[in-house]
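Just below is one structure, and these are the notes that go with it.
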Amino acid sequence: MSESFGEHIRLTLFGASHGPAVGAFVTGLPAGEAVDPAALQRFLDRRAPGRGGAASTARKEPDHPEFLSGLSPSGVLDGTPLCALVRNLDTRSGDYAALASVPRPGHADFPARAKYGDAFDPRGGGHFSARLTAGLCIAGGIAKQLLARRGIFVGAHLLSVGPLSFTPFDPVAVSREDLEAVEPAKYSLSVADAARAEELTALFERVRAVGDSVGGSIECCVLGLPAGLGEPHFGGLESRISAAVFGIPAVKAVAFGEGENAARLSGSENNDAYFFDEAGAVRTRTNHAGGILGGLATGMPLLFRAAVKPTPSIALPQESVDLAKREAATLSVRGRHDACVVPRAVACVEAAAAFAILDTLNPEGN
Ligand SMILES: Cc1cc2nc3c(=O)[nH]c(=O)nc-3n(C[C@H](O)[C@H](O)[C@H](O)COP(=O)(O)O)c2cc1C
């Protein structure tokens, strides 16, 4: 089932944008671990619609998770299947009337209709809506808490938006404090770029004013992975993490360490030389590998980037087709949409990475 991810700890996403709720069903979580509800809510708020300033949709959803099972009244995982949902409270389905037979270029409407026929619910993108990432963030937010208890920290930040580039993490010296500083920052900018929030606001406003949208990229880091964690070949850390991250709508590329640039380097430039640090641990002077060799963690910071495309639903007129009338149509997408989904996708990338790492770690030995 493609809505499911994970070998040992299994996550299934369910729901649709304009249905009663969206959520997550997770099996294999370790019993007896407390979940901090305030930290989880802060994490979910980073993804929730309506809080991303000029970038974000005007749809306002509180996204308070309700736990139907798996969590005791005192907030401890009980080891049974966890079912959590957030209700859809601010739907305006009328906005989607025009889309009943005219697919939005760039969204999943056309292939989804080809697959599911009239059973497809196009309102808000139905099951293909990024609203489904609320469930991912519940599961990933819990995974982040479980990992932190084991000395593993996951954090991401904005790396670029349209023409604007931001400061990447230091691939060798990135610290837990660098990751934690992103959480309260506007648009999930790093400390080094916090002062550039207004530049971003101006870009989002310009793009929205002309009825267009803009994409960007996210950098994610995992600290504290023990050297050797992972599996070779198809089950390697790169495969597992990218499979989870590609589950986030609008992600179009994932690259680890030097990524594509490695193809342009010589061996002497790309190899990371080893040395013993003061504590006697094996470290590397550089980190072109992004913390992964042979699918296994090297013990250096794990670093990857995700490229996110511009929001497909735009007000500018676009060429489409009316599938019912079988004639050409021009579509200006109405409704409330993100001018740029990248700031909200930062928490989604953290969630996907954290869940993939927890599944690889398999703390229960499932
Ligand atoms: C956090 C987030 C918010 C999104 N918001 C919107 C939106 O408001 N309007 C829209 O058309 N697409 C939005 N998207 C992107 C679509 O969901 C996505 O492009 C679509 O499902 C097709 O999937 P694909 O781009 O992966 O092929 C959003 C994506 C994310 C991650």
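Some points to look at:
- Diffusion coefficient, µm² s⁻¹, Stokes-Einstein with Kirkwood Rh over alpha-carbon pairs of region 219-328 at 25 °C and 0.890 mPa s: 148
- Using θ = phi - 60° and Karplus 6.51 cos²θ - 1.76 cosθ + 1.60, couplings along region 9-18 (whole Hz; Gly, Pro as x): 10, 10, 10, 10, 8, 9, x, 8, 3, 10
- The chain: Lys pairs at Cα distance under 25 angstrom, eight or more positions apart or on different chains: 10
- Estimated translational D of region 114-227 in µm²/s (Stokes, Kirkwood radius over Cα pairs; 37 °C; 0.692 mPa s): 196
- In the chain, Cα pairs under 8 Å separated by at least six residues give a relative contact order of 24 percent.
- Diffusion constant of region 13-74 at 37 °C, which comes from Stokes-Einstein with the Kirkwood Cα-pair radius and 0.692 mPa s, µm²/s: 238
- Extension gain for ALA202-ALA100 works out to 33.3 nm (0.36 nm per residue, less the C-alpha to C-alpha distance).
- A helix-only calculation puts the chain at -7000 deg cm²/dmol for mean residue ellipticity at 222 nm, using -39500 (n - 2.57) for each DSSP H run of at least four residues, averaged over all residues.
- Fewest-first sequence of PHE67, PHE153 by Cβ atoms within 10 Å of each Cβ: PHE67, PHE153
- Dividing the C-alpha radius of gyration of region 55-191 by 2.2 N^0.38 Å, with N its residue count, gives 1.35.
- In terms of surrounding Cβ atoms within a 10 Å radius of their Cβ, ILE138, ILE292 rank from fewest to most as ILE292, ILE138.
- Computed over region 170-280, the P(r) tail beyond 20 angstrom holds 63 percent of alpha carbon pairs.
- Enclosed volume per residue, in Å³, of the convex hull spanned by Cα atoms of region 1-45: 110
- Here the chain is treated as an ellipsoid with the same Cα gyration tensor; its semi-axes, largest first and in whole Å, are 34, 25, 19.
The numbers here are math on the coordinates, done by the rules we state, and not lab data. On a predicted model such as this, the values are computed, not experimentally measured, just so you know. When we count neighbours, we look across all protein chains shown, and the Cβ atoms used for this are built from the backbone with ideal geometry, even at glycine.
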